[in-house]
Amino acid sequence: MGKDRKLETYRKINSKWNSINAIGPLFQGIGITCLIAFLFYRSLFGLIVGVLIIPFWMMLKEDERQAAVAAKTAVEFKEYMMLIVSGLQAGYSLERAVKQGEEELAKLYPTDSVLLGPVHVMNRKISMNVQLERAFDEFAKEIDLDEAKSLAEIISFAKRSGGDYGRHIRETALKIEDNLSVKQEIETITTEKRLELKVMCVMPIVILAYITLTSESFIAPLYRNLAGAAVMTVCLLAYGTCIFLGRRIIDIKV
């Protein structure tokens, strides 16, 4: 019963955050639609064009959410992996080290973990006599992390080949830990550039709003006529393209 309540808690937390992440971008997209309609068109036609912005905005926010979840998963997996290594170095069996790692991980991330749920499911499978290598492989596929899949392959090979498989797993885990550390360093280095990109994305809207409020007559010819609407549409498409390219430039894969 205690294990079932723990699993249900993980599911409730994930469900809560998924709901927030689904609703938030939608309302943001509606707000951006109204802003685009006013600043670029000043007409009902702008609302029609602005509605097309909502899927684009939600796609960007979903990409951000997935990137954040992947980064958090990688950090937690590195911690979990090193906890397993510590258990193996202390003389535990692999099964015991995996279980002990879950308990220690729960202390590090008591409420907001993205990994505890899948780890708990894996340990439940192991407790029901599912082979560890199979349970770990299914766990790696569920969290969809390349490093976890690599470790699952090594565990499967080491368990089949026998011998000092604990040493092979430790060595592989340490190499994977180095790779994850490099990823985190790159994430830290590009944080400033990501902030700069966000500022650059906002500035055109801020400038247009400033001109609208202070020198409306200067841009009045762009509104309520076909030529102006065409110019604004081209500018809007160019603006969206620049945002898309900027995000791709700073998206460094290792």
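Name the residue, out of 176, 211, 154, that is out of contact with any Asp or Glu (no Cβ under 6 Å at 6 or more places or on another chain), at negative phi, buried (at least 16 other Cβ atoms within 10 Å of the Cβ) and in a helix (DSSP H, G or I).
After ruling out the rest, the residue left standing is 154.
Could you list, in sequence order, the residues of the range 206-246 that are touching a Leu at 6+ places or on another chain (Cβ under 7 Å), within 29 Å of residue 65 (Cβ to Cβ) and touching a residue at least 60 places away in the same chain (Cβ under 8 Å)?
Once the filter is applied, which keeps residues that are touching a Leu at 6+ places or on another chain (Cβ under 7 Å), within 29 Å of residue 65 (Cβ to Cβ) and touching a residue at least 60 places away in the same chain (Cβ under 8 Å), the range 206-246 yields 208, 209.
Out of 76, 64, I need the residue that is under 18 Å from the mean Cα position of the chain (by Cα) and either at pLDDT 85 or above or on the phi > 0 side of the Ramachandran plot (or both). Which one?
From the options 76, 64, the qualifying one is 76.
Restricting the search to the range 32-46, which residues are part of a helix (DSSP H, G or I) and under 18 Å from residue 227 (Cα atoms)?
Hits for the range 32-46 are 36, 37, 38, 39, 40, 41, 44, 45, 46.
Looking at the structure I just gave you, is residue 33 β-branched (Val, Ile, Thr), modelled with pLDDT under 80, surrounded by 11 or more Cβ atoms within 10 Å (Cβ to Cβ) and out of contact with any His (no Cβ under 9 Å at 6 or more places or on another chain)?
No.
Only one of (1) surrounded by 10 or more Cβ atoms within 10 Å (Cβ to Cβ); (2) closer than 30 Å to residue 80 by Cβ is not met by residue 228, so which one is it?
It fails just one condition, (2).
The values are calculated or read from the model by the stated rules, or taken from the named source; none is laboratory data. Because the structure is predicted, anything quoted here is derived from the model rather than measured. Virtual Cβ from ideal backbone geometry, glycine too; neighbours counted across all protein chains shown.
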